[in-house]
1. In vacuum, with every alpha carbon of region 74-167 counted as one equal point scatterer, what does the Debye formula give for log10 I(q)/I(0) at q = 0.11, 0.12 Å⁻¹? Two decimals, please.
2. At 1.4 Å probe size, with the rest of the protein present, what percent of the exposed accessible area of the chain is carbon and sulfur atoms?
3. For the pair Glu203 and Ala141, what calculated FRET efficiency results from E = 1/(1 + (r/R0)^6), where r is the Cβ-Cβ distance and R0 = 25 Å, to the nearest 0.05?
4. For region 1-40, just say rounded, prolate or oblate: build the C-alpha gyration tensor, square-root its eigenvalues into a ≥ b ≥ c, call rounded for a/c under 1.5, and beyond that prolate if a/b exceeds b/c, oblate if not.
5. Would you look at the GNM of the chain, springs on alpha carbons closer than 10 Å, and say which of Ala178, Ala110, Ala200 moves the most?
6. Using alpha-carbon pairs under 8 Å, 6+ residues apart, how would you state the relative contact order of region 60-209 in percent?
7. Heads up, I need the accessible area for Ser96: 1.4 angstrom probe, whole protein in place, Å², nearest 10.
8. Rounded to the nearest whole Å², what accessible area per residue is found for the chain with the 1.4 Å probe?
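The values are calculated or read from the model by the stated rules, or taken from the named source; none is laboratory data. It should be emphasised that the depicted structure is a prediction, and the values quoted were computed from it without experimental measurement. Note that we place each Cβ from the backbone using ideal geometry, even for glycine, and neighbour counts take in every protein chain shown. These area figures cover heavy atoms from the full protein model, side chains too; ligands, DNA and RNA do not enter into them. Shrake-Rupley method; radii C 1.70, N 1.55, O 1.52, S 1.80 Å.
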Amino acid sequence: MRKGLVAANWKMNGLRQSNATLIDVLKAGLKSSPNVEVLVCPPAVYLEQVGAELDGSLVMLGAQNLHPQQSGAFTGELSAEMLKDIGCSHVIIGHSERRQLFGEENSFIAEKFTAAQRSGLIPILCVGETQEQREAVETEAVVLDQLEAVLVHAGIEAFNNAVIAYEPVWAIGTGLTATPEQAQVVHALIRGKLAEANTAVAESTRILYGGSVKGSNAAELFAKPDIDGGLVGGASLVAEGFLSICNSYSE
Ligand code: 13P
C-alpha cells in the first residue's frame, strides 16, 4: 500500500510575513493521518525560514529546483548539497514551467535527478503534455519520452527513492483539471512503463497528480488506483484550501 503525498509548490509566491501565517494555520489544522505525508516547497530564499517554522511538525520541506553540479561557477544557482544542508528532503525536478520558460531539456533534467539523489534528496520528477500535444494525441509519447530520459540515465532502481508527478500543462493554473479518469489513464501508463523494468519498483513508486487540484476535486482524484496524492500550486497558497486537500486524503 503506497502512502499518499500532498506537496505544495508555492512557485514564486510568498513573503516572510505571509509564509509565517500560512505555516501557522497549516500546522494547527493538519489532521495527522498514517495515510498521507505533507510537503511544502517554498521559494529557495525562504527555505530556511519555512524549515524553522516547520521544525517539530511532520510536514516536510522541499525545494523547487537545483543545479546538477555540486559547486562552482554557476552564478545564481543552488546545489543539491546546499538544499540538503538547509534541511530539504525533496526537490521538484523538470516542472513544466522550467521546461517551457527556462528551456530545460530531458537530458538536463535527468542530470538533476541523479544529482538530487547523490545528496540524499528525493526528486519529484514532473512530466506532462501541453494542450497542443494532447490534441495531437501525443500525450503518451511525450510523457513516456520524459520518463524514459530519466530511466535510461538513472536506472529503474533509482525510482525506489523518487516520486513522479503527472502534471498536464493545460491543467496548470488554468482551473481546468484533468478528470480523474483522464489522469488515471496516464498514471497507469507511467506505472506500466516502470513495471516493464521492475514490477516491485513500479508498485511502490508514488505518482502524484498536479494541475488545478483543489479541495473540491482532490478526494475523487486521490481515489483512483494509480493516483497517490497531489502536487498543488495555487490552492496551496491558501491555508484552508491546502488543508482541505490534505485532510481529504485521510477522510
Ligand atoms: P496549479 O495547482 O496552480 O494548477 O499548479 C499546479 C502545479 O504546477 C504544481 O506544481
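1. For the requested q values the scattering log ratios are -0.32, -0.38.
2. 53
3. 0.55
4. oblate
5. Ala200
6. The normalised contact order for region 60-209 reaches 21 percent.
7. Near enough 10 Å² of accessible area.
8. 45
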